[in-house]
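> I'd like to ask some things about the structure below.
The values are calculated or read from the model by the stated rules, or taken from the named source; none is laboratory data. Here the structure is a predicted model, which means the values were calculated and not measured. A quick note on method: Cβ atoms are made from the backbone with ideal geometry, for glycine too, and the neighbour counts reach across all protein chains shown.
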Amino acid sequence: MPVMTEKTNPNTKIANVSQKATENKKVVYNTKDLNLWYGEGHALKNINLAINENEVTAIIGPSGCGKSTYIKTLNRMVELVPSVRISGEILYRERNILDKSFKVEDLRTSVGMVFQKPNPFPKSIYENVAYGPKIHGIRDKKILDEIVEKSLRGAAIWDEVKDRLNQNAYGLSGGQQQRLCIARCLAIEPDVILMDEPTSALDPISTLKVEELVQELKEEFSIIIVTHNMQQAARISDKTAFFLNGEVIEFAETDKIFSTPSDKRTEDYITGRFG
Amino acid sequence: MKYIDSEQVHKKMGSRLLANSLAKTIFFLATLFGLVVLIVLIYRVLADGLSWINMDFLMNRLSTDPEKAGIWGAIVGTFWLMLVVAPVTMVLGVGTAIYLEEYAAKGRISSFIKTNISNLAGVPSVVFGILGLTVFARALDLGSVVLAGGLTMALLVLPVVVVASQEAIRAVPQFLREASYGMGATKWQTIKNVVLPAALPGILTGLILALSRAIGETAPLVVIGIPALLIPVPDGIFDKFTILPVQIYYWTIDSALVAEYANLAAATIVILLIVLFAMNSIAILIRNKFQKRY
C-alpha cells in the first residue's frame with residue numbers, strides 16, 4: 001500500500017517536473033561495487049548507485065542500515081573510524097576518490113558536509129563561516145567579508161545574524177546553528193553537499209526552514225541527504241535510495257518509491273511495518 | 001512464610017544504627033586529622049616566621065648572620081628556574097600530548113608510551129636529580145646552573161603536563177574535529193585552529209599546577225649540587241643559583257648550629273606557601289572561567 005498519494009503529497013508534482021530533466025543531467029557520484037567493513041562487520045555490501053548533479057538524493061532506511069556510513073564514505077570521513085576497510089570504486093566527477101592519489105583535503109573542499117547535530121565552532125558567527133575560506137588560504141578581509149555575507153544569505157540566516165556577526169555561535173538556537181553550519185559549508189563553495197540527518201535534532205519549524213533551504217540549494221548544488229524521516233524524503237528529494245542491512249534495496253525517483261515501490265521490503269518500510 | 005522477621009529486624013535495629021553513626025564518626029575524624037595537622041603546621045610556621053618577614057628579609061642577599069640574611073637570591077633563582085621550566089615543559093608536554101592523542105595510532109605502542117608516562121610520574125624526584133646531575137650538569141658540562149636545574153625540573157614535571165594536556169585534548173568533542181575535516185582542513189590546521197584553542201584552558205591549568213610542583217621541589221636540585229651558601233644573585237640561566245625550598249632545607253638542617261635559622265626557614269616557608277597558594281588559585285580561576293560548555 002503506497003503511503004503517499006497525489007492528494008497527501010503536493011510535492012509529488014515538483015518531483016515529477018525535475019524527474020523529466022533527469023535525462024540531461026550529469027552523474028556526479030558513481031558508486032561501483034562498494035564494500036565496507038568495520039573490523040569484521042560488513043557494513044556496506046556491493047553498493048551500486050549513480051547520483052545526478054543538481055538533484056536532491058535522499059537515502060532512507062532503518063537504524064544501522066549503513067546509510068550514514070555510505071554518506072560518510074562519499075567524503076571519506078568514514079576513515080576517521082579506526083579499522084575501516086573499503087573495496088570498490090566511488091567515482092566523483094569520474095575520478096576514483098578511494099584512490100590513494102586522491103587527497104581527502106581536495107575532496108572535502110568540493111564536497112561539503114552538514115552533520116546530524118549542529119556543530120559550530122565555539123567561535124564567533126563570522127569566524128565560523130570564514131573558517132573554510134581561511135584554511136584554503138584566503139586572507140583578504142574584504143573577500144572574507146563577501147564570502148561570509150554571501151554564504152549566510154545562501155543559508156537564509158543573514159537577516160537573523162547580520163547585527164551580531166561577532167557574537168559566539170553558541171548563542172544561536174539549534175535551528176539557527178544548523179543553518180549556520182550550512183552557511184559554513186557553502187563558504188567553501190562546494191560542488192556537492194552531504195547532509196547526514198540534518199534536521200533530526202531540530203524542532204518542526206527549524207526543520208521546515210532547512211527543508212526549504214535544501215530546495216533552493218539544489219539549483220546550484222548536488223545534495224545527498226540521509227534522513228530518518230520518510231515524509232521529509234518524500235517532500236524534498238528527487239530520487240530516493242532505500243538501504244537495508246548494508247544493501248541498496250531500491251533506488252528510483254522519489255515519487256515512484258513512495259507510490260509504487262518494486263520491492264516488498266521497501267513497501268514494508270515506507271508503510272511503517274518495521275524500522 | 002516471610003523470610004524477613006520484622007521482630008528480629010526491630011531487635012537488631014539499635015546496633016545497626018550504632019554502626020551507622022560510628023562509620024560516620026570514623027570518616028569525619030579521618031578528614032579532621034589531615035585538617036588539624038595542616039592548621040597546626042601553618043600556625044607553627046606563622047608563629048616562628050611571621051615576625052621575621054620584612055622588606056629587608058625579602059630584598060637582602062644571603063648571609064651567615066641571621067639578622068642580615070635575606071632571600072632575594074632565592075626569589076630571583078626561582079624566577080629564572082621557572083623561565084626555563086615553563087617553556088620546556090610546555091613544548092615537550094603539549095607536543096607529546098598532541099602526538100599521543102591526535103597522531104599515534106591507538107595500539108600497543110601508544111598504550112605502552114602512555115603507561116610509561118604514568119610510571120614516570122611515579123619516579124622519585126631524587127632519581128631525576130641523579131639524571132640531571134649525570135646528563136645536564138656533568139655530561140653536557142653545564143655545571144649546577146639554572147639551565148641544568150631547569151631542564152631536570154622540566155623532566156620531573158613533564159608527566160603532569162602530558163597527562164593534563166592529554167585529558168584536555170581528549171575532552172574536545174569529536175564533532176568539532178569532524179566539522180573542520182569536513183571542510184577540507186588538514187590535521188595540523190584542525191589541531192591548530194580547533195583542538196588547541198578548545199583545549200588551552202585545560203592545558204594552562206595543568207602547566208600551572210606543574211610549575212607549582214616544580215617550585216616546591218627540593219631533592220633534585222640538592223642532588224645537582226646547589227651551594228648551601230650562595231651570596232651572588234643569578235643574572236641569567238647560566239649562573240649558579242638557589243631557590244626557596246632549597247634555602248628552607250639548608251636553614252633547617254643548620255638550625256642545630258644557629259637557632260635563628262629555624263625562624264628564617266619558617267619565614268621562607270610562609271613566602272613559598274603564599275606563592276603556591278597564588279599559583280593554585282590562578283589555575284582554579286582559569287579552570288572555572290573556561291569551564292566547557294558544549
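> For residues in region A:107-127 being of a type in the set (Ser, Thr, Tyr) and farther than 23 Å from A:Asn166 by Cα, which is surrounded by the most Cβ atoms within 10 Å (Cβ to Cβ)?
A:Thr109
> Condition test on A:Ala201, is it modelled with pLDDT under 95 and surrounded by 22 or more Cβ atoms within 10 Å (Cβ to Cβ)?
No.
> Scanning for something among the charged types (D, E, K, R) and closer than 21 Å to B:Val84 by Cβ, does region B:182-197 turn up at least one residue?
Within region B:182-197, none of the residues are among the charged types (D, E, K, R) and closer than 21 Å to B:Val84 by Cβ.
> Same structure again: When the residues of region A:181-203 are filtered to those that are in contact with a strand residue (DSSP E or B) (Cβ under 6 Å, 6 or more places away or on another chain) and in a helix (DSSP H, G or I), which remaining residue is farthest from A:Val111 (Cα to Cα)?
Only one residue fits best here, namely A:Cys181.
> Also, quick follow-up: Quick one: A:Gln19 ticks every box in (1) within 18 Å of the chain's Cα centre (by Cα); (2) modelled with pLDDT under 95 except a single one, so which number is it?
(1) is the only condition that A:Gln19 fails.
> Name the residues in region A:77-106 that are buried (at least 20 other Cβ atoms within 10 Å of the Cβ) and within 14 Å of chain B (Cβ to nearest Cβ), would you?
If the condition is that a residue be buried (at least 20 other Cβ atoms within 10 Å of the Cβ) and within 14 Å of chain B (Cβ to nearest Cβ), then A:Met77, A:Tyr92, A:Ile97 are the ones that fit.
> Oh, and also: Quick one: is B:Lys240 charged (D, E, K, R), touching a helix residue (DSSP H, G or I) at 6+ places or on another chain (Cβ under 9 Å) and under 27 Å from A:Pro120 (Cα atoms)?
In short, no.
> How many residues, within region A:87-122, are of a type outside the set (Phe, Trp, Tyr) and either under 12 Å from B:Gly182 (Cβ atoms) or in contact with an Asp or Glu (Cβ under 8 Å, 6 or more places away or on another chain) (or both)?
Residues in region A:87-122 being of a type outside the set (Phe, Trp, Tyr) and either under 12 Å from B:Gly182 (Cβ atoms) or in contact with an Asp or Glu (Cβ under 8 Å, 6 or more places away or on another chain) (or both): 18 in total.
> Could you pull out the residue among B:Leu46, B:Leu83 that is under 27 Å from B:Phe136 (Cα atoms), part of a helix (DSSP H, G or I), under 25 Å from the mean Cα position of the chain (by Cα) and touching a residue at least 40 places away in the same chain (Cβ under 8 Å)?
B:Leu83
> Next question, about the same structure. Go through A:Lys134, A:Lys162 for me and flag whichever is within 11 Å of chain B (Cβ to nearest Cβ) and farther than 30 Å from A:Asn30 by Cα.
None of the others qualify; the one that does is A:Lys134.
> OK, next. Of all residues in region A:185-198, which are over 9 Å from the mean Cα position of the chain (by Cα) and either over 23 Å from A:Met77 (Cα atoms) or surrounded by fewer than 22 Cβ atoms within 10 Å (Cβ to Cβ) (or both)?
Matches in region A:185-198: A:Glu189, A:Asp191.
> Ok, one more. Need the failing condition index for A:Ile143 against (1) in contact with a helix residue (DSSP H, G or I) (Cβ under 8 Å, 6 or more places away or on another chain); (2) more than 14 Å from chain B (Cβ to nearest Cβ); (3) within 29 Å of B:Val172 (Cα to Cα); (4) part of a helix (DSSP H, G or I), just the number.
Here A:Ile143 clears every test but (3).
> Among the residues in region A:155-162, are any more than 21 Å from A:Ile225 (Cβ to Cβ) and assigned to a loop (DSSP other than H, G, I, E, B)?
No, every residue in region A:155-162 fails to be more than 21 Å from A:Ile225 (Cβ to Cβ) and assigned to a loop (DSSP other than H, G, I, E, B).
> Residues in region B:73-124 that are of a type in the set (Phe, Trp, Tyr) and either surrounded by 12 or more Cβ atoms within 10 Å (Cβ to Cβ) or within 17 Å of B:Met279 (Cβ to Cβ) (or both): how many?
Matching residues across region B:73-124 total 3.
> Something else: For region B:161-179, how many residues are surrounded by fewer than 21 Cβ atoms within 10 Å (Cβ to Cβ), in contact with a helix residue (DSSP H, G or I) (Cβ under 6 Å, 6 or more places away or on another chain) and not charged (D, E, K, R)?
Number satisfying all stated conditions: 1.
> Here's something else I'd like to know. What is the one condition in (1) hydroxyl-bearing (Ser, Thr, Tyr); (2) in contact with a helix residue (DSSP H, G or I) (Cβ under 7 Å, 6 or more places away or on another chain); (3) part of a loop (DSSP other than H, G, I, E, B) that A:Ser206 does not satisfy?
(3)
> With region B:92-199 as the region, which helices (runs of 4 or more DSSP H) entirely inside it contain at least 1 residues that are away from chain A (no Cβ under 12 Å)?
Here the list reads B:108-122, B:125-131, B:146-170.
> Now a separate question. How many residues, within region A:209-225, are of a type in the set (A, V, I, L, M, F, W, C) and in a loop (DSSP other than H, G, I, E, B)?
Within region A:209-225, residues that are of a type in the set (A, V, I, L, M, F, W, C) and in a loop (DSSP other than H, G, I, E, B) number 1.
> Let me ask something else about it. Go through (1) touching a residue at least 12 places away in the same chain (Cβ under 8 Å); (2) touching a Ser or Thr at 6+ places or on another chain (Cβ under 8 Å); (3) within 13 Å of chain B (Cβ to nearest Cβ); (4) assigned to a helix (DSSP H, G or I) for A:Gly175 and report which single condition fails.
If we test A:Gly175 against (1) touching a residue at least 12 places away in the same chain (Cβ under 8 Å); (2) touching a Ser or Thr at 6+ places or on another chain (Cβ under 8 Å); (3) within 13 Å of chain B (Cβ to nearest Cβ); (4) assigned to a helix (DSSP H, G or I), just (3) comes out false.
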